[in-house]
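> First, the structure itself, so that you have it in front of you.
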Amino acid sequence: MTLSRRQFSIAAGAAALGGFQGVVSAQDGPVVLGQSAPFTGPAGQLGIQFYQGAKLMFDQNNAQPGARKVEIKFLDDGYEPDRCAANTKKLIDEDVFALFGYIGTPTSLAALPLAVKDKVPFIAPFTGAMSLREPFQRNVFHLRASYNDETALIVRQLTHLGLSKIAVFHQNDAYGKAGLDGVTLALAQQNLKPAAQATVERNSVDVASAVKSLVAARPDAVVQIGAYKACAAFIREARKAGYGGTFYNVSFVGTQALADELGKEGAGVVVSQVVPSPYNSANGITREFAEAVRKAGAGNINYSSLEGYLAAKLVVEGLRRAPGRGASRDGLVAGLEGIERQQFGGFDVSFSSKNHVASKFVELSMITGDGRVRV
């Protein structure tokens, strides 16, 4: 289900934004996490869906007797770095306990120096960019595998199928560059180079020039590094221009949002995933998540909301393991580093003092003509 921005605002706005007057610390009330993410604009569904999944998990936790209660204070950045930086400064000035669930590479990169400077934990950004992982920062923790992991799997799949003429359509910013670098690296390992590349501006669906350039190159496949609106626009226009090849996307695209945008035109579009399928009941975490959604009466089952749910589980587990029940930021860092070789319903996560990337899980999924997603 895709929730409209108006529905999201009504359902979540008052609960998330109300009651946060003044400074809230871990010692004298709930643990307050700050989130800057797009809740409006062409990437808005990513922020909405991730938040919904995270809140579902935190609501479950908060209902448990004796649990450290966790709340999210969220601010809309529209997927724009300057707005994200301003939001982050505001959240830190208001003394949120940690920053959580930031959506996107350019926005997370704008926030990262502020989080590092003030030693605020920065947990589970919705991005696989290596620039957020290297150099290592003690206060930064990642749930998901990297874009290098995702693009390596995509390139292996394409070349295994005998397809070597691979083009890249990417966002013209740090996110697009991270994905392009991953594809280029994976191709180089097989003595190949991108057959062609073209860009789209962030928060834009002006893809005409990119379509003209890439269709003319006649690639076997196009790897897309963008958000769902732009990638959907490119697929539609490329097909209108006569392109008959295949389209591969990395997880950040927003799988359900992309399927919703494309409708029947989504048939055959491939998306790499960094969390298990939320539609496959063989997965323990899927069954747990589906039951939580059912009990809450929320229709938000999709990859992005499951990632939010898993990210929230990381925080809850980190607080549980933290000395003094997470009464300090250093305690939360220590608690997270203590999560070693643990399973969340079959999804393996592990941190240590030298490793702050919880998972290397990657698999491929495909959108069907009726808007479903299968692996």
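> For region 233-245, give me the residue count where each residue is under 26 Å from Thr159 (Cβ atoms) and either charged (D, E, K, R) or touching a helix residue (DSSP H, G or I) at 6+ places or on another chain (Cβ under 8 Å) (or both).
7
> Same structure again: For Lys193, only one of the following conditions fails: (1) free of Cβ contacts under 8 Å to residues at least 40 places away in the same chain; (2) at positive phi. What is its number?
Failed condition: (2).
> In this structure, does Leu306 turn out to be crowded, with 21+ Cβ neighbours inside 10 Å, in a helix (DSSP H, G or I) and within 20 Å of the chain's Cα centre (by Cα)?
So Leu306 fits the description; yes.
> Here's something else I'd like to know. If you check Lys212 against the conditions, is it without any contact (Cβ under 8 Å) to a residue 40 or more places away in the chain and farther than 14 Å from Ile166 by Cβ?
Judged against the criteria, Lys212 is a match.
> Limited to region 107-123, what total is found for residues that are within 22 Å of Ala227 (Cα to Cα), surrounded by fewer than 24 Cβ atoms within 10 Å (Cβ to Cβ) and either of a type in the set (D, E, K, R) or touching a helix residue (DSSP H, G or I) at 6+ places or on another chain (Cβ under 6 Å) (or both)?
So the count comes out to 2.
> Are there any pairs with C-beta distances below 7 angstrom linking a residue in region 231-258 that is in the same structural domain as Ser209 (by TED's automatic domain parsing) and over 18 Å from Ile48 (Cβ atoms) to a residue that is part of a helix (DSSP H, G or I) and of a type in the set (S, T, N, Q), with the two at least 6 apart or on different chains, and if so which?
Close Cβ pairs satisfying both conditions: Val250/Thr151.
> In region 207-231, what residues are in contact with a Gly (Cβ under 6 Å, 6 or more places away or on another chain) and outside any loop (DSSP other than H, G, I, E, B)?
Ala221, Ile225, Tyr228
> Right, another one. Inside region 309-339, can you point out the residues that are more than 22 Å from the chain's Cα centre (by Cα) and either of a type in the set (D, E, K, R) or more than 19 Å from Val32 (Cβ to Cβ) (or both)?
Within region 309-339, Arg320, Arg321, Pro323, Arg325, Arg329, Asp330, Ala334, Gly338 meet the criteria.
> Another one. Tell me whether region 34-55 contains one or more residues that are surrounded by 24 or more Cβ atoms within 10 Å (Cβ to Cβ), assigned to a helix (DSSP H, G or I), modelled with pLDDT of 50 or more and charged (D, E, K, R).
yes
> Just to be sure, is Val120 part of a loop (DSSP other than H, G, I, E, B), among the β-branched types (Val, Ile, Thr) and either over 27 Å from Ala186 (Cα atoms) or in the same structural domain as Leu33 (by TED's automatic domain parsing) (or both)?
It is true that Val120 is part of a loop (DSSP other than H, G, I, E, B), among the β-branched types (Val, Ile, Thr) and either over 27 Å from Ala186 (Cα atoms) or in the same structural domain as Leu33 (by TED's automatic domain parsing) (or both).
> Residues Ser204, Ser164: which one is under 20 Å from the mean Cα position of the chain (by Cα), more than 26 Å from Phe97 (Cα to Cα), not assigned by TED's automatic domain parsing to the domain that holds Gly308 and not in a helix (DSSP H, G or I)?
Answer to the selection: Ser204.
> Could I ask something else about it? (1) more than 12 Å from Gly101 (Cα to Cα); (2) in contact with a helix residue (DSSP H, G or I) (Cβ under 6 Å, 6 or more places away or on another chain): which one isn't true of Ala54, the others all being true?
Every condition holds for Ala54 apart from (1).
> Report yes if Asp370 is outside the structural domain of Gly44 (by TED's automatic domain parsing) and surrounded by fewer than 19 Cβ atoms within 10 Å (Cβ to Cβ), otherwise no.
Yes, satisfied.
> Please tell me if Phe97 is under 27 Å from Val250 (Cα atoms) and of a type outside the set (Gly, Ala, Ser).
The answer is no for Phe97.
Matching residues to (1) β-branched (Val, Ile, Thr); (2) out of contact with any helix residue (DSSP H, G or I) (no Cβ under 9 Å at 6 or more places or on another chain); (3) crowded, with 23+ Cβ neighbours inside 10 Å:
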| residue | (1), (2), (3) |
| --- | --- |
| Gly266 | no, no, yes |
| Arg287 | no, yes, no |
| Arg294 | no, yes, no |
| Ala298 | no, no, no |
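> Only one of Gly299, Gly346, Gly324 is in contact (Cβ under 8 Å) with a residue 40 or more places away in the chain and at positive phi; which?
Gly346
> For region 104-154, enumerate the residues that are closer than 15 Å to Ala86 by Cα, touching a residue at least 60 places away in the same chain (Cβ under 8 Å) and not polar (S, T, N, Q).
If the condition is that a residue be closer than 15 Å to Ala86 by Cα, touching a residue at least 60 places away in the same chain (Cβ under 8 Å) and not polar (S, T, N, Q), then Pro106, Leu109, Ala111 are the ones that fit.
> Is it the case that some residue within region 232-242 is hydrophobic (A, V, I, L, M, F, W, C) and either outside any helix (DSSP H, G or I) or at pLDDT below 95 (or both)?
Checking region 232-242: at least one residue is hydrophobic (A, V, I, L, M, F, W, C) and either outside any helix (DSSP H, G or I) or at pLDDT below 95 (or both).
> Quick check on my filter: what residues within region 80-133 are in contact with a Pro (Cβ under 8 Å, 6 or more places away or on another chain) and more than 16 Å from Leu46 (Cβ to Cβ)?
Residues satisfying the conditions are Phe97, Ala98, Leu99, Leu109, Ala110, Ala115, Leu132.
> Further, regarding this structure: Tally time: how many residues in region 94-103 are buried (at least 22 other Cβ atoms within 10 Å of the Cβ) and farther than 18 Å from Pro81 by Cα?
3
The values are calculated or read from the model by the stated rules, or taken from the named source; none is laboratory data. Worth saying up front: this structure is predicted, and the values here are computed from it rather than measured. Cβ sites come from the backbone with ideal geometry, for glycine too, and all protein chains shown count toward neighbours.
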